[in-house]
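Each remark here refers to the structure printed beneath this line.
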Amino acid sequence: MMAGTKVRQETVRQGIWVSVCRVDQLRVDVGVAALVGGEQVALFRLDAEEITAIGNLDPYSRANVLSRGIVGSRGDTVFVASPMYKQPFDLRTGCCLDDPAVSVPTFDVRVLDGVVQVLAPPVSDGPDG
Amino acid sequence: MTHLRQRLVLIGHGMVGHRFVQAAIERGLTERWDVVVFGQEPRAAYDRVALTSFFEVGADELSLLPEGEYDDPRVRLVLDTAVTTIDRDAREVTTASGEVVRYDALVMATGSVPFVPPLPGRDLAGCFVYRTIEDLEDIRQAAKTATTGVVIGGGLLGLEAANAVHQLGLATHVVEMAPRLMPVQLDQAGGAALVRHIEALGVTVHTGAATEAIEGIDGKVTALTIADAEPIETDLVVFSVGIRPEDALARACGIEVAERGGILVDETCRTSDKAIYAIGECAAPDGKVYGLVAPGYAMAEVVVDRLLGGSGDFTGADMATKLKLMGVDVASFGDVFAATPGSLELVFADAVTGVYKKLVVSNDATRLLGGILVGDASAYGVLRPMVASGIPLPENPEELILPAGRGTAQVGMTDETVVCSCENVTKGTICSAIDGSEEKPGCADVACIKSCTKAGTVCGSCVPTVKNLLAERLASAGREVSNALCEHFAMSRQELFDLVAVKAIRSFTALIAAHGTGRGCDICKPAVASILASQTSAHILAEETVGLQDTNDAFLGNLQRNGTYSVVPRVPGGELTPDGLIAIGEVARDFDLYTKITGGQRIDLFGARVEQLPLIWRRLVDAGFESGHAYGKSLRTVKSCVGQTWCRYGVQDSTKLAIELELRYRGLRSPHKLKGGVSGCARECAEARGKDFGVIATEKGWNLYVGGNGGFRPAHAVELAIDLDTATLIRYLDRFLMFYIRTADRLQRTSAWLESIEGGLDYVRSVVVDDVLGVAADLEADMAGHIGAYQDEWSATLADEEKLARFVSFINAPDTPDPSISFVTERGQIRPSAAEGSAEPVLVASASIPVGAPR
Ligand code: SRM
Ligand SMILES: Cc1cc2nc3c(=O)[nH]c(=O)nc-3n(C[C@H](O)[C@H](O)[C@H](O)COP(=O)(O)OP(=O)(O)OC[C@H]3O[C@@H](n4cnc5c(N)ncnc54)[C@H](O)[C@@H]3O)c2cc1C
Ligand code: SF4
Ligand code: FES
């Protein structure tokens, strides 16, 4: 299963691949948080094959908690419900299902030799780097 | 012109006297008359009808003349002064203070006085009547040192008085000689329905009970003896057996009085002396006295009109009454006893909900003659005008009183018809909530209608009508009322519970694969987790269930606004040793946690980060504490009062029982959170009746109440069984709680469950106490299983590396604190600083609070 793990990688983005954990540390539908290049990321394993990553920051409560939400589905969409005030975010697009104007960032994920890697965005030149 | 001015003397400044003066000023009578008013009470007229609210609002709020005088200089108001004689020949009145005043016209508005039957002992200290503010002040004073109060008389006023005594915190009895309550307004069945409501509130009703004497020791009341029954021990007696028109002055000066009392007047309210009028409760037009204020007001208007040369008449009054007695709707109007020859009665009675409705109709069923409504008087608004105006009845008059669910009581309801009289919500408003709008989706359940419109949130009597409107409206729009849990399960929680039990399903994956669709969601996952927990007592962080839990359960703490958690160790019954207190204090100090006493008699430590939780709990567990389940839909606390051990009033050891119950039910997962309380006497310091289960000690044992809560929609717990010994109490509680767990809907507190379950409290009592379903043994066995398998979730977690592995801040940096969490200091403790880097305003929870309502 490790060898065949497919990861989401629609758009080609730039950055550095950061190893965060082994695939077998992730349980289906139970999120974890990771620190990737100073960013807080929420990782979700949707099934044997698919792993996604979104920002951990809940835009509604401004707390870093999305990794601790419950994973669910609406039709074919897989979402995580923020544990704070329950808004659902699409795990593949980062969009809030209840308010299309709100979204969280998504990150590219890949698995190499059973190790999960997240693409850290290039370091911005913002004040806090 | 001044020599032409005449003088009018008014005796009595009660409600009707005041109205008379108001009308005299407004209609210009004072242009030609000087008015002198003598009132016996120390204060100006006040709202006697609302007398009972005196305890809540005080005397000022009740006053009808807050300024203390009229702003017309031609009216002189003399208070605290009784008129003692009337000299009709000299046309003079003399007051107790010796003042003599001549009159050209005299108006008597002396009201009535409570009748105190000539019983032995009626003069003992502790006997009261219920008529004036002074009476209530005296009662309040006496209640301070009393535990029990008896009201003699179960009529309208007696029940009001009982309500007041009950509110003063006394164990309350009502003793009525007639075979039913409110004998004048209700028939036997209506009275019986009312008894059930009132007893549910904790007032004991004795009907057909003739008081023989009031016993006393040292001049103070101690008991009431009743013919053919046990005496009632009491510290306080309130007489409310009726009123006597205050006609003594009239009798003394030879004015004619009615055979059964009251100053006889004609339709212009004039007495046998042409210069003297009588109005209000002291007057007897046509020989009949009226114990209500509205007819008195009408009489006051008639006299002013006549003095101005008008032709107003008093021609009798409608004695219809609608009132809310201790929260129970009661209405009676027209010919309630079917005295009209040939009249027919239509009766609807529901023993379970205590609703009783009777219509009296003409023999051809075309006209409504009268009726009685107990428990649900929502139809009063429609029915009473039918009597008054003689509007013909609809085809099937019985539909007017059938509960909305069964009949179509909405016939003829327009959009303006008020459905919820407590909150004044119209049918139109409810229908728009169901239909929804651009901004807001329509309501598909009663809970939603309640939160959108407030209908049904006060007395609840309109809920059946609301339900019916909902069903009708949805059906006509082609929408369905669904009890599906969510898009993944087409079943209700109860159906799922049964399914899991019957098929012995042990995981969510298996359940959804066989009986659902998709991967579940934040609604069905925690619901199923709770069902599994209730049935298996497995650790909630077990492999199969950990992903199903809300974050509070998943981290065994309560998530706070900045992503940290709070820690609440269990403090059973609120009893805590000094060492325990110090241990908690030390943990709080060492981890720099914000510390607060909760509303549940224990201590909450806030601001713990995920990775700190195991360290904090290690310390607490070592000090002998265990999880308080503040995070779970499970037993929270059993609040105690100090009870017999210390309290001079306590009659049982309430603290001990509270601890025993809290330990017994700790960790029990349920559809919503569960709270309990145990009070050591009827003073109820543990607020047990505000809990899902509440126990109140009596001399004989324990009274058990269920279905109370505070929160969004507060509910008072209602009596399930009384005078139980401890073993029976626990047995009933085991059954009650398990029955609730088995059958309630998701996020339904016990009060809402009792409301929604068919047959309500009476049904639940029949299951729990009488075991009509034959499941009592099963329920008890389930509970025994839970108790046997209980383990402290935190110590079990600390002993299990795999579970502990989840308590990290970051999977790739387990001990690095979340850099976004920061605190500031306030009043010597930490608090979350404003959301980090938030230039934009912080979006907080939506304005509606999602409490309990299944969605
Ligand atoms: C800490 C505490 C307030 C305090 O500072 O005193 C509290 C705090 C919370 N209450 Fe409460 N409630 C607390 C006592 C109460 C009480 C008073 C009581 O128990 O005597 C009530 C009203 C009584 C009742 O429940 O009948 C109360 C009625 C609620 C409700 C409304 C429930 C309802 O049926 O309407 C909610 C919302 C819910 O449960 O859905 C709620 C929910 C919450 C939550 C869990 C909200 C949340 O999801 O974050 C709060 C977080 C608790 C935490 O972080 O530890 N809390 N809450 C109290 C903890 C008591 C304890 O020792 O466990
Ligand atoms: C607890 C309670 C609840 C009630 N609820 C309702 C209800 O829901 N609906 C309803 O319609 N009615 C209700 N009533 C009845 C209502 O209060 C009376 O109908 C109304 O107060 C009658 O007004 P009145 O002015 O005739 O008499 P009162 O209000 O009694 O006023 C008479 C006044 O005359 C004074 N007086 C008497 N003799 C003399 C004298 N010789 N010299 C000077 N002053 C004198 C008295 O001190 C008193 O102040 C209730 C009454 C009580 C006590
Ligand atoms: S009342 Fe509201 S704000 Fe206060 S503790 Fe309870 S849930 Fe939180
Ligand atoms: S009528 Fe009382 S709540 Fe609606």
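The values are calculated or read from the model by the stated rules, or taken from the named source; none is laboratory data. Given the structure is predicted, the values throughout are model-derived calculations rather than measurements. Ideal geometry is used to build each Cβ from the backbone, glycine not excepted, and the neighbour counts take in all protein chains shown. The accessibility values were calculated without ligands, DNA or RNA, using every heavy atom of the protein model including side chains. Shrake-Rupley method; radii C 1.70, N 1.55, O 1.52, S 1.80 Å.
Observations, loosely collected:
- From the C-alpha gyration tensor of region B:127-241, square roots of 5λ in Å: 22, 16, 12
- Accessible-area loss of 30 Å² or more (1.4 Å probe, protein heavy atoms, chain alone versus all protein chains) is found in region B:507-533 for B:519, B:522, B:525.
- The distance from the alpha carbon centre of region B:428-446 to that of region B:618-683 is 41 Å, rounded to a whole number.
- Structural descriptor for region B:188-308: relative contact order 13 percent, calculated from alpha carbon pairs under 8 angstrom and at least 6 residues apart.
- A simple charge model with +1 on the Cβ of Lys and Arg, -1 on the Cβ of Asp and Glu and nothing else charged puts the dipole of the protein assembly as shown at about 1080 debye relative to its Cα centre.
- Of the residues A:49, B:416, the one with the largest accessible area comes first in the ranking B:416, A:49, computed with a 1.4 Å probe on protein heavy atoms.
- Amide H to amide H, with H built 1.01 Å from N, residue B:335 comes under 5 Å of B:370, B:371, counting only residues 5 or more places away or on other chains.
- Across every direction, the projection of the convex hull enclosing the Cα atoms of the protein assembly as shown has a mean area of 50.1 nm².
- Length added when fully stretched, residue B:773-residue B:586, from 0.36 nm per residue minus Cα-Cα: 62.2 nm
- A simple rule links phi to the HN-Hα coupling: the Karplus curve 6.51 cos²θ - 1.76 cosθ + 1.60 with θ = phi - 60°, which for region B:433-438 gives 5, 5, 6, x, 8, 3 Hz, with x for Gly and Pro.
- Note on exposure: A:84, B:783 ranked by accessible area (1.4 Å probe, complete protein assembly) read A:84, B:783, with the most exposed listed first.
- Based on alpha-carbon atoms, the Kirkwood radius and the radius of gyration of region B:192-301 give Rg/Rh equal to 1.16.
- Applying 0.36 nm per residue to the separation of residue B:267 and residue B:490 and subtracting their alpha-carbon distance, the gain on full extension is 73.3 nm.
- Extension gain from residue B:395 to residue B:228, taking 0.36 nm per residue of separation minus the Cα-Cα distance: 55.3 nm
- Summed residue charge, Cβ within 12 Å of residue A:115's Cβ, Lys/Arg positive, Asp/Glu negative: 0
- Virtual spin-label span in nm between residue B:597 and residue B:561, 7 Å along Cα→Cβ: 2.4
- For region B:127-241, the antiparallel share of DSSP beta bridges with both residues in that region comes to about 35%.
- Phi angles across region B:42-57 convert, under the Karplus curve 6.51 cos²θ - 1.76 cosθ + 1.60 with θ = phi - 60°, into 3J(HN,Hα) values of x, 10, 5, 3, 9, 6, 5, 4, 9, 3, 4, 6, 3, 5, 8, 9 Hz, Gly and Pro given as x.
- Virtual spin-label span in nm between residue B:96 and residue B:84, 7 Å along Cα→Cβ: 1.0
- Options B:830, B:290, B:727, ranked by Cα towards positive dipole end of the protein assembly as shown, top entry (Cβ charges): B:830
- Residue B:64 long-range amide H proximity, modeled H, under 5 Å: B:46, B:47
- Efficiency of FRET from Cβ geometry, residue B:579 and residue B:435, R₀ 56 Å, rounded to 0.05: 0.35
- Ellipticity estimate at 222 nm from DSSP helix runs (n ≥ 4, -39,500 (n - 2.57)) divided over the protein assembly as shown, nearest 500: -7500 deg cm²/dmol
- Chain B: Rg to Rh, with Rh as the Kirkwood radius over Cα pairs: 1.04
- Taken over the alpha carbons of region A:18-115 as equal point scatterers, the Debye sum produces base-10 log I(q)/I(0) values at 0.20 Å⁻¹ of -0.92.
- Of all DSSP beta bridges in region A:18-115, antiparallel share, percent nearest 5: 95
- Over 22 Å between alpha carbons, listed pairs B:633/B:675; B:596/B:639; B:673/B:700: B:673/B:700
- The accessible-area ordering, largest first, of the residues B:793, B:345 stands as B:345, B:793, per a 1.4 angstrom probe.
- Cut-off under 5 Å, modelled amide H: who pairs with residue B:420 long-range: B:425
- Charged-residue dipole, Cβ positions (Lys, Arg, Asp, Glu), region A:18-115 about Cα centre, Debye nearest 20: 280
- Across the accessible surface of the protein assembly as shown, with the other protein chains kept in place and a 1.4 Å probe, carbon and sulfur atoms take up 51 percent.
- Using θ = phi - 60° in the Karplus curve 6.51 cos²θ - 1.76 cosθ + 1.60, the 3J(HN,Hα) couplings for region B:306-312 round to 5, 5, 8, x, x, 10, x Hz; x is entered for Gly and Pro.
- Interface A:B - total buried accessible surface [probe 1.4 Å, Å², rounded to 100]: 3100
- If both residues of a DSSP beta bridge must be in chain B, then about 60% of such bridges are antiparallel.
- The calculated FRET efficiency for the pair residue B:414 and residue B:47, based on their C-beta separation and a Förster distance of 30 Å, comes to about 0.35.
- Between region B:693-750 and region B:79-104, the alpha-carbon centres lie 62 Å apart.
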